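**Q** Next up is a structure, given as structure tokens.
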Amino acid sequence: ITAWLSKAQKLPDWWAQMVTVGYERARGLRALHQTAQGFNASVSRTLAAGLDAAFDAWDEASTRAAFLKEAIAVSTRNPGKNLRFAWEAERDGGRVEVRFVAKGPKKAQVTVDHMGLASAASVKRMKAFWGDTIGKFEDLVAKKRGR
């Protein structure tokens, strides 16, 4: 569908994909949060911390251990932008990207995208997990700021 919309209808790729997803959802061919690679869960929060402080807290393994108990091996590291790693914990698997965006000199948005989940039930479970994890992260950053 996407290829046809792009070629025959000259629709830009992004719009072709959006139309295709809408069509598939309307016909019951694709569930909410489902992609061709599985299901995706996303959680985001804006923190009262600068971009560098937020990134450094996720990047430093000893600091990260205070809010994320699972050990991870970072595969991609772009300072101030994102971290990527495989998710091996429990039964969910997939890949995780943590993105950072400055929202002012003392604010940063942190978004966790967990991709390649097996089911909608995994999405629900991982949204709750990452929401709790970002909450712990936010508490840690607030304590560090209060020193």
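All of the numbers you see were taken from the coordinates with simple rules; none came from a lab. Please read all numbers here as calculations on a predicted model, not as lab measurements. Note that each Cβ is placed from the backbone with ideal geometry, even for glycine, and that neighbours are counted across all protein chains shown.
**Q** Where in the chain is the longest stretch that carries no GluC sites (Glu not before Pro) classed as loop by DSSP and with at most 16 other Cβ atoms within 10 Å?
**A** The answer is 1-59.
**Q** Please list, in chain and number order, the residues 5+ apart from residue 107 or on another chain whose amide H is under 5 Å from its amide H, with Hs placed from the backbone.
**A** Long-range HN contacts for residue 107: 49, 51.
**Q** Full-extension gain between residue 10 and residue 118, please, as 0.36 nm times their residue separation minus the C-alpha to C-alpha distance.
**A** Full extension from residue 10 to residue 118 adds 35.5 nm.
**Q** Can you compute the charge dipole magnitude of the stretch 38-88 about its Cα centre, using +1 on each Lys and Arg Cβ and -1 on each Asp and Glu Cβ, nothing else charged? Give it in debye, rounded to the nearest 20.
**A** 140 debye
**Q** Could you work out the helix-only [θ] at 222 nm for the chain, with each DSSP H run of four or more residues adding -39,500 (n - 2.57) and the total divided by the number of residues, to the nearest 500 deg cm²/dmol?
**A** Computed mean residue ellipticity for the chain: -12500 deg cm²/dmol.
**Q** Something else about it: Roughly how big is the chain's charge dipole about its Cα centre, with Cβ charges of +1 (Lys, Arg) and -1 (Asp, Glu), in debye to the nearest 20?
**A** Dipole about the Cα centre, nearest 20: 380 debye.
**Q** On C-alpha positions alone, give me the angle between the axis of helix 120-146 and the longest principal axis of the chain, in degrees, nearest 10.
**A** 30 degrees
**Q** Rounding to the nearest 10 and keeping the result within 0 to 90°, find how far the Cα-based axis of helix 13-26 lies from the longest principal axis of the chain.
**A** In the chain, helix 13-26 runs at an angle near 80 degrees to the longest axis.
**Q** List, in the order given, every pair from 10/127; 10/81; 10/103; 103/143 whose Cα-Cα distance in the structure shown is over 28 Å.
**A** 10/127; 10/81; 10/103
**Q** Something else about it: Averaged over every viewing direction, what's the projected area of the C-alpha convex hull for the chain? Give it in nm², one decimal, please.
**A** So the mean shadow area of the Cα hull is 10.3 nm².
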